[in-house]
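Beneath this line is the structure, given in structure tokens, with notes to follow.
The values are calculated or read from the model by the stated rules, or taken from the named source; none is laboratory data. Small disclaimer: the values here were computed from a predicted structure and weren't measured. All Cβ positions, glycine included, derive from the backbone under ideal geometry; neighbour counts span all protein chains shown. What goes into the accessible areas is simple: the full protein's heavy atoms, side chains included, and nothing from ligands, DNA or RNA. Shrake-Rupley method; radii C 1.70, N 1.55, O 1.52, S 1.80 Å.
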Amino acid sequence: MYATREDETVADAEYVNIWMRPERPARGPKPAYSRAQITEAAIRIADAEGVEAATMRRIAAEIGAGAMSLYRYVPSRDNLVELMADRLMGEIDVTGMPSGDWRADLTRYADEWRAMWLRHPWIAGVQRSLPSFGPNQLLLIERLMGVLDAFVPIDENLGLMAMLNGYVEGSVREEISSAGEFRRSGLSESEWMARSGAYIDQLVKSGDYPMFTKIVTEARQPHLSRDEQFRHGLGRVLDCIAAALPAHREGL
């Protein structure tokens, strides 16, 4: 059954952004719990058992509450995920940004974001493209957009930040995914490579794959540590950003 325009209007009218909902009612007794307590409990569970385990029932047991009572504080699962994601954004330290050294600021931001995702790998499965504009996300926007604001117009700034964010997110997602595959296989990365050695040797000797052979025999990147690979790619992205900045103002 298709929703009518009237249905959509009613649904839109009923929707209230979680950040617009008051933490506590204007009248009545003081709430026994807080959104922060609920969010922290959900993150602890997700870190230990996966985000699917962070149900309202499980969170309620964690903090000693009734499961249905939590909906007074967090009306829906989507709201809970928004609160969790924004809380993790608060772990990305942007204190002192912009510092005047745009390259140092963006390097620090990229390192902080990667470290946060690696601490909480489940976030890769719930991170959404549509922003919810929670307080920590808004702080990131203000500080990060401020880093290049003196150098380029706002649209160029958005494009450059999208390029940086795309690199960091793609890189860390691949890192998290690979770690999960190694964990499920029961093999370390070096053990997995060793197991694949005979097949790779066969491909090289066939002479049918010259570019693949060049990668295997000449490339340095596959042999770098994860940290080194990330930093190498980040350096190339920052070089591209530098090329887009006015030469007399970008500080190189």
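With the requirement that a residue be closer than 16 Å to TRP113 by Cβ, touching a residue at least 40 places away in the same chain (Cβ under 8 Å) and either in contact with a strand residue (DSSP E or B) (Cβ under 8 Å, 6 or more places away or on another chain) or in a helix (DSSP H, G or I) (or both), what does region 126-164 give you?
The answer is ASN136, GLN137, LEU139, LEU140, ARG143, LEU144, VAL147, LEU160, MET163, LEU164.
Name the one entry in ARG103, ARG114 that is in a helix (DSSP H, G or I), at pLDDT 95 or above and either of a type in the set (Gly, Ala, Ser) or surrounded by fewer than 18 Cβ atoms within 10 Å (Cβ to Cβ) (or both).
ARG103
Looking at GLY170, GLY186, GLY207 in this structure, which one is exposed (fewer than 13 other Cβ atoms within 10 Å of the Cβ), under 30 Å from TRP117 (Cβ atoms) and at pLDDT 90 or above?
Matching residue, one of GLY170, GLY186, GLY207: GLY170.
How about region 51-67: which of its residues are assigned to a loop (DSSP other than H, G, I, E, B) and open to solvent by 20 Å² or more (accessible area, probe 1.4 Å)?
Correct list: THR55, GLY64, ALA65, GLY66, ALA67.
Quickly run through region 189-204 and pick out the residues that are open to solvent by 60 Å² or more (accessible area, probe 1.4 Å) and not hydroxyl-bearing (Ser, Thr, Tyr).
Matches in region 189-204: GLU189, GLU191, TRP192, MET193, ALA194, ARG195, ALA198, ASP201, GLN202.
Taking region 235-252 only, how many residues are out of contact with any Phe, Trp or Tyr (no Cβ under 7 Å at 6 or more places or on another chain) and modelled with pLDDT of 90 or more?
Selection size over region 235-252: 9.
Table: residues versus (1) over 28 Å from ALA124 (Cα atoms); (2) charged (D, E, K, R).
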site: ASN165; (1), (2): no, no
site: VAL172; (1), (2): no, no
site: SER178; (1), (2): no, no
site: ARG183; (1), (2): no, yes
site: LEU187; (1), (2): no, no
site: SER190; (1), (2): no, no
site: ALA198; (1), (2): yes, no
site: LEU203; (1), (2): yes, no
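Would you confirm whether or not region 75-98 contains a residue that is at pLDDT below 95, over 30 Å from ASN157 (Cα atoms), outside any helix (DSSP H, G or I) and out of contact with any His (no Cβ under 6 Å at 6 or more places or on another chain)?
yes
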